[in-house]
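Working notes, beginning with the structure itself.
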Amino acid sequence: MWVGTLGMPIDSLTEPTRSAITMNMQMVHDCLTVFVDDNTFEGHYTQFCRSVLWPVLHYQMQEGPRHAEYEGFSWDQYVKVNEAFADVIVREWKKGDTIWVFDYHLLLLPEILRSRLPRPDIGFFLTTPFPSYEVFRCLFSREELLNGMLGADLVSFQAEEYQDHFLQCCCRLLGLETIKSALQVKQRLVSVWYESLQIDSVFLQRVRQTSDVKAWMTAIGNKYKGKRLIAARDRLDAPGGVKQLLAYERFLKRYPKWRHTVR
């Protein structure tokens, strides 16, 4: 069962509409809906997740406003959204359920859930990099974020380097003891591991053989016949898309004959 926000403005939705959405998402799609007002979602996602957390996790210090009022407001909204997720999960949780928390938008959620539920099984996975101690310690909410993640029984990353950075931060900022690939947190052990996300090539190959995909391949091949086609989906931000666009520009300058063949 998935738990998430709608990813759209909701302040204008009437109560009957919200109830209908909630019922439809749960009965048809096996999803639990988390409703947070537009102002709270804006502070959580745009201001804290994208403007504070995202740059630091990618080794880039904040380029936006840095004053305490801005950070304090966005942090409060970040906390509210994590608590809203907890409210929905706690209502539906049953003994024996395993809760899997996903990504940097919900770093506080594991600890909130642990404080509200009797001995829950919680896993957490971070898809972004986790920076070194020297960078992470620059976050004003560093200890709260670490403690939030440590509410899980298992904290997992995409690379061994990120695992090591997390362990070092917990040791130096929280004074925790490391036992192999685990941390002693009060009376329990939190396992810390890494496991790369991978593409399901077998599934993609199976889909590639379907008639719909073959028809699209034929149509695209006919439309761009004689041309080289590069398809990509990139965010236009400093850690990701912008650098890739600059690399693409350099590529075209290095191979000028491609300029008129690439679309």
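The table for this structure:
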{"read-out": "Matching residues, the stretch 1-19, being among the small types (Gly, Ala, Ser) and farther than 21 Å from residue 90 by Cα", "value": "7, 12"}
{"read-out": "Some residue of the stretch 98-105 being within 24 Å of residue 46 (Cβ to Cβ) and either in a loop (DSSP other than H, G, I, E, B) or among the basic types (Lys, Arg) (or both)", "value": "yes"}
{"read-out": "Some residue of the stretch 13-27 being over 22 Å from residue 158 (Cβ atoms), under 17 Å from the mean Cα position of the chain (by Cα) and open to solvent by 50 Å² or more (accessible area, probe 1.4 Å)", "value": "no"}
{"read-out": "Pair list, Cβ < 8 Å and 6+ apart or interchain, from the stretch 86-97 residues that are in contact (Cβ under 8 Å) with a residue 24 or more places away in the chain and within 14 Å of residue 110 (Cβ to Cβ) to residues that are open to solvent by less than 70 Å² (accessible area, probe 1.4 Å) and of a type in the set (S, T, N, Q)", "value": "none"}
{"read-out": "Hits in the stretch 109-120 (condition: in a loop (DSSP other than H, G, I, E, B) and either within 16 Å of residue 53 (Cβ to Cβ) or touching a Leu at 6+ places or on another chain (Cβ under 9 Å) (or both))", "value": "120"}
{"read-out": "Number of the exception - residue 59 against (1) open to solvent by less than 40 Å² (accessible area, probe 1.4 Å); (2) outside any helix (DSSP H, G or I); (3) aromatic (Phe, Trp, Tyr)", "value": "(1)"}
{"read-out": "Matching option when the condition is open to solvent by 30 Å² or more (accessible area, probe 1.4 Å) and either small (Gly, Ala, Ser) or touching a strand residue (DSSP E or B) at 6+ places or on another chain (Cβ under 6 Å) (or both), among 181, 156", "value": "181"}
{"read-out": "Subset tally (residues that are of a type in the set (S, T, N, Q), touching a residue at least 12 places away in the same chain (Cβ under 8 Å) and surrounded by fewer than 12 Cβ atoms within 10 Å (Cβ to Cβ)) for the stretch 185-218", "value": "1"}
{"read-out": "Residues that are of a type in the set (A, V, I, L, M) and touching a Ser or Thr at 6+ places or on another chain (Cβ under 6 Å), drawn from the stretch 22-43", "value": "25, 34"}
{"read-out": "Residues satisfying the stated conditions in the stretch 132-153, i.e. open to solvent by less than 10 Å² (accessible area, probe 1.4 Å), over 15 Å from the mean Cα position of the chain (by Cα) and not aliphatic (A, V, I, L, M)", "value": "136, 141, 151"}
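Yes or no, residue by residue, for (1) within 23 Å of residue 195 (Cα to Cα); (2) modelled with pLDDT under 95:
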residue: 71; (1), (2): no, yes
residue: 81; (1), (2): no, no
residue: 87; (1), (2): no, no
residue: 109; (1), (2): yes, no
residue: 113; (1), (2): no, no
residue: 116; (1), (2): no, no
residue: 139; (1), (2): no, yes
residue: 146; (1), (2): yes, no
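The values are calculated or read from the model by the stated rules, or taken from the named source; none is laboratory data. Predicted model only: the values in this text are computed from it and were never measured. Backbone-built Cβ (ideal geometry, glycine too); neighbour counts: all protein chains shown. Accessible surface is based on the protein model in full, side chains and every heavy atom, while ligands, DNA and RNA are left aside. Shrake-Rupley method; radii C 1.70, N 1.55, O 1.52, S 1.80 Å.
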